[in-house]
Amino acid sequence: LEDERTRLQNGEDAAPPWPHTRAGGARAEREGAPLWQLVDFKSSVSGRERAGLEAALETSGLLDAWVSPDGGLQTAQDGTPLLDVQVIERAPCRASLGSWLETDVPAGCAVPATIITAMLGAIACAVDDPGDSEAWVSPHGRFRLGTLAGTWSKPEALYIGSTAGRYRRTARAAGGRDRGAASRSRRA
């Protein structure tokens, strides 16, 4: 608990849980980053919409999908494309994820911001599925990738953006402090 609290106080962000199908070192030698580390919510997106969008991205596999510097969006396990580069290079959707998220590539990341902007523009994002795009997510937690569709919900966004990271670190550090005090009290 103390180690976790120290990591959180040092600003280390937690990552979404790894799928059990991904080997521990599967991403060690790849250039790029997971999508959630390359974007942030626009300030106009409400807390409820943030939670819905992150839930849709997480349950579809897009949240933790690996973005390579050439624009490939790959699955966690083996690098199989989730969205082909050609999809990203098409004309942007009318109502796209780019209306909800903005590019926020960390310093030193090999993925160009232009790739993320194009990727966000290629994923439809609206309350209802427009049906004319390869990928769609909803601020209500629903998604579609090709013919695969689903839904999920969560109470708040936990991974996308620096605000979520700060909030999560503060809450987890406070919880760790309380759990640590309770543990020390039980030992005493």
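Residues that are among the aliphatic types (A, V, I, L, M), open to solvent by 70 Å² or more (accessible area, probe 1.4 Å) and at pLDDT 95 or above: which strands (runs of 3 or more DSSP E) entirely in region 117-188 hold 2 or more of them? Spell out how you get there, then give the answer.
Numbers: elements: 135-137, 142-145, 148-151.
It comes to none.
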Exercise. So, of the residues in region 37-47 that are over 17 Å from residue 117 (Cα atoms) and in contact (Cβ under 8 Å) with a residue 24 or more places away in the chain, which turns out to be surrounded by the most Cβ atoms within 10 Å (Cβ to Cβ)?
Worked result: 45
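The values are calculated or read from the model by the stated rules, or taken from the named source; none is laboratory data. Since we're looking at a predicted model, the values are computed, not measured. Cβ coordinates were reconstructed from backbone atoms using ideal geometry, including for glycine residues, and neighbour counts include every protein chain displayed. The area values use the complete protein model at the heavy-atom level, side chains included, leaving out ligands, DNA and RNA. Shrake-Rupley method; radii C 1.70, N 1.55, O 1.52, S 1.80 Å.
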